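S.K.: One structure follows; several queries about it will come next.
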């Protein structure tokens with residue numbers, strides 16, 4: 001005969017088991033004490049750290065899960081109380097072994113960590129601890145920044161914000177199915193290994209360097225100092241004042257050094273840090289931005305030189321530029337002028353360059369990065385300054401907004417080889433330089449440059465000879481001269497169909513600048529259009545290289561006189 005009490009007990013147990021199974025299937029589980037938990041996974045990466053001992057801690061450092069160990073791929077899975085997901089959490093991992101990406105040696109890891117804001121995690125999410133996330137965690141936990149402050153400071157210093165949800169892949173041997181974000185996360189982690197090597201530190205000091213970087217950045221600026229003075233990495237190893245630029249160079253050095261197997265193109269690596277101090281052997285070189293952020297078109301800035309040993313300003317040096325845009329498949333330069341020492345401020349040199357393109361689109365899409373190489377001293381070789389001391393700066397260059405910054409004219413009779421070696425019309429670049437004056441009496445200035453190659457864009461004015469890169473009989477590169485500008489005329493008007501309205505520009509300075517004064521038809525504060533004609537050796541150039549007519553025979557500049565953009 002059926003024992004009723006036993007049947008009820010069995011049925012109750014079965015119901016509880018099924019209920020627990022349903023809860024687990026929905027993403028949570030219950031511990032033996034009845035606590036509901038959620039599963040979190042991830043990795044510890046510098047590269048993959050095998051055998052790291054980890055804990056999940058609350059924001060105040062109390063252990064809520066662990067210790068647990070990472071596997072051979074640096075991965076882990078841990079259950080934590082679901083109720084704790086609403087609180088700030090820390091992943092703290094220490095020890096284990098990894099292969100350093102810069103030199104291939106096996107190393108023992110220090111501490112790697114990550115900070116997660118309360119409510120940012122749910123069942124099944126991932127947390128990946130990297131060198132970058134470790135610096136952010138220290139800024140919060142050790143240096144009392146908020147998470148927003150820490151992320152903003154890190155992004156300003158290093159050019160990116162660590163994403164702890166992205167699993168990095170080893171940049172020296174990426175996983176076959178790794179996504180671009182995973183490849184980039186691995187490359188950025190490897191950059192800290194390269195930075196350690198570039199600074200002349202022993203490989204095992206990478207984790208001391210991470211601590212020192214957090215200390216340096218604790219005042220919001222990565223410059224070799226915190227709020228109390230110079231930052232010590234370890235012993236006599238000091239954080240250099242140009243550490244921000246050192247990080248950018250470390251990424252490029254790793255990419256160029258043969259260890260980078262990510263296959264990421266220049267446009268895929270995002271913005272490089274824009275450090276404004278660079279230390280050469282003898283100089284402290286400072287980039288002083290102009291009134292406007294760098295954008296397509298005219299850009300003015302200053303270079304300040306100091307003696308590295310004495311910190312005294314250095315006057316009388318020859319300072320030149322060699323700008324380079326590194327794009328997905330190729331690189332090119334842009335028109336620029338020689339830097340000249342400021343008449344009023346010794347040791348400060350005024351520089352102008354004209355960006356052909358932006359490095360970043362309005363939607364944030366990267367086109368590559370600009371490297372502004374500054375050369376101090378040296379000698380002229382093949383039209384370029386060489387053998388001086390070099391400093392590098394990586395400004396983000398935005399698209400021009402509002403007024404037209406750049407227009408092009410060309411002639412089918414003036415051709416040079418394109419990137420594919422095919423003959424094509426040479427580009428003449430007309431850059432807006434200045435707009436001044438009052439209503440119905442304005443002056444408009446252009447800077448005109450022509451393309452000779454992807455690396456050379458000389459200013460254009462009468463008696464200049466233009467050429468293109470070719471090969472001599474020994475297959476050595478030479479500049480082949482093919483056009484002498486015997487005569488050149490630039491005219492401007494706001495009413496192109498009125499023959500009497502055209503104003504002839506003055507280009508007598510013989511430096512590529514052409515200025516037309518007394519232009520009518522513009523009103524301060526109101527958008528208008530200036531039309532520009534250009535004739536070289538008696539031929540009127542056009543927008544498409546065909547015979548000039550009323551539709552294509554002039555460049556068009558949208559301008560707003562009296563505005564900050566108009567007065568540039």
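S.K.: Would you point out which residue out of 358, 346 is buried (at least 19 other Cβ atoms within 10 Å of the Cβ), in a loop (DSSP other than H, G, I, E, B) and in contact (Cβ under 8 Å) with a residue 24 or more places away in the chain?
M.R.: Exactly one residue qualifies, and that residue is 358.
S.K.: Looking at the stretch 140-160, which of its residues are crowded, with 19+ Cβ neighbours inside 10 Å and either within 23 Å of the chain's Cα centre (by Cα) or farther than 23 Å from residue 61 by Cα (or both)?
M.R.: 150, 153, 154, 157, 158, 159
S.K.: Another question, if that's okay. Here is a check on your reading of the model: is residue 83 in contact with a strand residue (DSSP E or B) (Cβ under 8 Å, 6 or more places away or on another chain), in the same structural domain as residue 253 (by TED's automatic domain parsing), surrounded by fewer than 23 Cβ atoms within 10 Å (Cβ to Cβ) and modelled with pLDDT under 95?
M.R.: yes
S.K.: Ok, one more. Mind counting the residues in the stretch 299-319 that are in a loop (DSSP other than H, G, I, E, B) and either at negative phi or out of contact with any strand residue (DSSP E or B) (no Cβ under 8 Å at 6 or more places or on another chain) (or both)?
M.R.: Count: 8.
S.K.: If you go through the stretch 161-183, how many residues are under 17 Å from the mean Cα position of the chain (by Cα) and closer than 24 Å to residue 59 by Cβ?
M.R.: 2
S.K.: Moving to a separate point now. Tell me, which residue of the stretch 494-514 that is outside any loop (DSSP other than H, G, I, E, B) and touching a residue at least 40 places away in the same chain (Cβ under 8 Å) is surrounded by the fewest Cβ atoms within 10 Å (Cβ to Cβ)?
M.R.: 513
S.K.: Here's something else I'd like to know. Give me a count of the residues in the stretch 320-343 that are part of a strand (DSSP E or B) and over 15 Å from residue 431 (Cβ atoms). Let's see the steps before the verdict.
M.R.: Going through the stretch 320-343, the residues part of a strand (DSSP E or B) turn out to be 320-326, 331-332, 336, 340-341.
Checking the rest, the ones that are also over 15 Å from residue 431 (Cβ atoms) come to 320-322, 324-326, 331-332, 340-341.
Here the count works out to 10.
S.K.: Continuing with the same structure: Let me confirm something: among 171, 189, 117, which residue is within 16 Å of residue 75 (Cβ to Cβ), touching a helix residue (DSSP H, G or I) at 6+ places or on another chain (Cβ under 8 Å) and either at pLDDT 95 or above or in the same structural domain as residue 93 (by TED's automatic domain parsing) (or both)?
M.R.: 189
S.K.: OK, next. Quick check: anything in the stretch 313-332 more than 21 Å from residue 458 (Cβ to Cβ) and free of Cβ contacts under 8 Å to residues at least 12 places away in the same chain? Talk me through it step by step, then tell me what you get.
M.R.: We begin by selecting, within the stretch 313-332, every residue more than 21 Å from residue 458 (Cβ to Cβ); these are 313-317, 326-329.
Now restrict to residues that are free of Cβ contacts under 8 Å to residues at least 12 places away in the same chain: none.
For the stretch 313-332, residues more than 21 Å from residue 458 (Cβ to Cβ) and free of Cβ contacts under 8 Å to residues at least 12 places away in the same chain: absent.
S.K.: Select, from 545, 507, the only residue that is over 29 Å from residue 338 (Cα atoms) and outside the structural domain of residue 321 (by TED's automatic domain parsing). Write out each step before concluding.
M.R.: Working: 507 fails: over 29 Å from residue 338 (Cα atoms).
Result: 545 is the single residue among 545, 507 that is over 29 Å from residue 338 (Cα atoms) and outside the structural domain of residue 321 (by TED's automatic domain parsing).
S.K.: Right, another one. Could we say that residue 278 is part of a strand (DSSP E or B), in contact with a strand residue (DSSP E or B) (Cβ under 9 Å, 6 or more places away or on another chain) and over 26 Å from residue 99 (Cα atoms) here?
M.R.: yes
S.K.: Can you tell me which of 312, 291, 329 is closer than 27 Å to residue 420 by Cβ and surrounded by fewer than 19 Cβ atoms within 10 Å (Cβ to Cβ)?
M.R.: 329
S.K.: Right, here's the next one. In the stretch 473-519, how many are touching a strand residue (DSSP E or B) at 6+ places or on another chain (Cβ under 7 Å) and more than 26 Å from residue 414 (Cα to Cα)?
M.R.: 5
S.K.: As an exercise: evaluate residue 108 against (1) out of contact with any helix residue (DSSP H, G or I) (no Cβ under 8 Å at 6 or more places or on another chain); (2) modelled with pLDDT of 95 or more and give the number of the one condition it does not meet.
M.R.: (1)
S.K.: One residue is enough: does the stretch 8-30 have a residue meeting the conditions at pLDDT 50 or above, surrounded by fewer than 14 Cβ atoms within 10 Å (Cβ to Cβ) and touching a strand residue (DSSP E or B) at 6+ places or on another chain (Cβ under 8 Å)? Can you show your working first?
M.R.: Pass one, the stretch 8-30, residues at pLDDT 50 or above: none.
Checked against the condition, which is being at pLDDT 50 or above, surrounded by fewer than 14 Cβ atoms within 10 Å (Cβ to Cβ) and touching a strand residue (DSSP E or B) at 6+ places or on another chain (Cβ under 8 Å), the stretch 8-30 yields no hits at all.
S.K.: Which residues, taken from the stretch 515-543, are assigned to a strand (DSSP E or B) and either more than 38 Å from the chain's Cα centre (by Cα) or without any contact (Cβ under 8 Å) to a residue 40 or more places away in the chain (or both)?
M.R.: 517, 518, 519, 528, 529, 531, 535, 536, 539, 540 - these are the residues of the stretch 515-543 that are assigned to a strand (DSSP E or B) and either more than 38 Å from the chain's Cα centre (by Cα) or without any contact (Cβ under 8 Å) to a residue 40 or more places away in the chain (or both).
S.K.: For the list (1) under 21 Å from residue 106 (Cβ atoms); (2) over 21 Å from the mean Cα position of the chain (by Cα); (3) surrounded by fewer than 22 Cβ atoms within 10 Å (Cβ to Cβ), I need the number of the one condition that residue 225 fails.
M.R.: It is condition (1) that residue 225 fails.
Matching residues to (1) free of Cβ contacts under 8 Å to residues at least 24 places away in the same chain; (2) in a strand (DSSP E or B); (3) within 28 Å of the chain's Cα centre (by Cα); (4) surrounded by fewer than 20 Cβ atoms within 10 Å (Cβ to Cβ):
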| position | (1), (2), (3), (4) |
| --- | --- |
| 374 | no, yes, yes, no |
| 401 | no, no, yes, yes |
| 408 | no, yes, yes, yes |
| 429 | no, yes, yes, no |
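S.K.: Take residue 213 and tell me if it is in contact (Cβ under 8 Å) with a residue 60 or more places away in the chain, outside the structural domain of residue 394 (by TED's automatic domain parsing), within 21 Å of residue 110 (Cα to Cα) and crowded, with 22+ Cβ neighbours inside 10 Å. Step through it out loud before you land on a result.
M.R.: Numbers: in contact (Cβ under 8 Å) with a residue 60 or more places away in the chain: yes; outside the structural domain of residue 394 (by TED's automatic domain parsing): yes; within 21 Å of residue 110 (Cα to Cα): yes; crowded, with 22+ Cβ neighbours inside 10 Å: yes.
Yes.
S.K.: So, one more: Return yes or no: is residue 414 assigned by TED's automatic domain parsing to the domain that holds residue 538 and in contact (Cβ under 8 Å) with a residue 24 or more places away in the chain? So that I can check it myself, show each step before the final result.
M.R.: Working: assigned by TED's automatic domain parsing to the domain that holds residue 538: yes; in contact (Cβ under 8 Å) with a residue 24 or more places away in the chain: yes.
When the stated conditions are applied, residue 414 passes them.
S.K.: Here's something else I'd like to know. Farther than 13 Å from residue 397 by Cβ, within 20 Å of the chain's Cα centre (by Cα) and buried (at least 19 other Cβ atoms within 10 Å of the Cβ): which single residue out of 305, 321 fits that description?
M.R.: Step by step, each of 305, 321 is checked, and only 321 is farther than 13 Å from residue 397 by Cβ, within 20 Å of the chain's Cα centre (by Cα) and buried (at least 19 other Cβ atoms within 10 Å of the Cβ).
S.K.: Considering only the stretch 236-259, state which residues are crowded, with 23+ Cβ neighbours inside 10 Å and part of a loop (DSSP other than H, G, I, E, B).
M.R.: Correct list: 242 only.
Residues checked against (1) touching a strand residue (DSSP E or B) at 6+ places or on another chain (Cβ under 6 Å); (2) modelled with pLDDT of 95 or more:
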| position | (1), (2) |
| --- | --- |
| 61 | no, no |
| 68 | yes, yes |
| 72 | yes, yes |
| 89 | yes, yes |
| 104 | no, yes |
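S.K.: Quick check on the stretch 114-132. Is at least one of its residues more than 25 Å from residue 173 (Cβ to Cβ), touching a strand residue (DSSP E or B) at 6+ places or on another chain (Cβ under 9 Å) and part of a strand (DSSP E or B)?
M.R.: yes
The values are calculated or read from the model by the stated rules, or taken from the named source; none is laboratory data. Predicted model, so just to flag it, every value in this text is computed and none were measured. Positions of Cβ are generated from backbone atoms using ideal geometry, with glycine treated the same way; all protein chains shown enter the neighbour counts.
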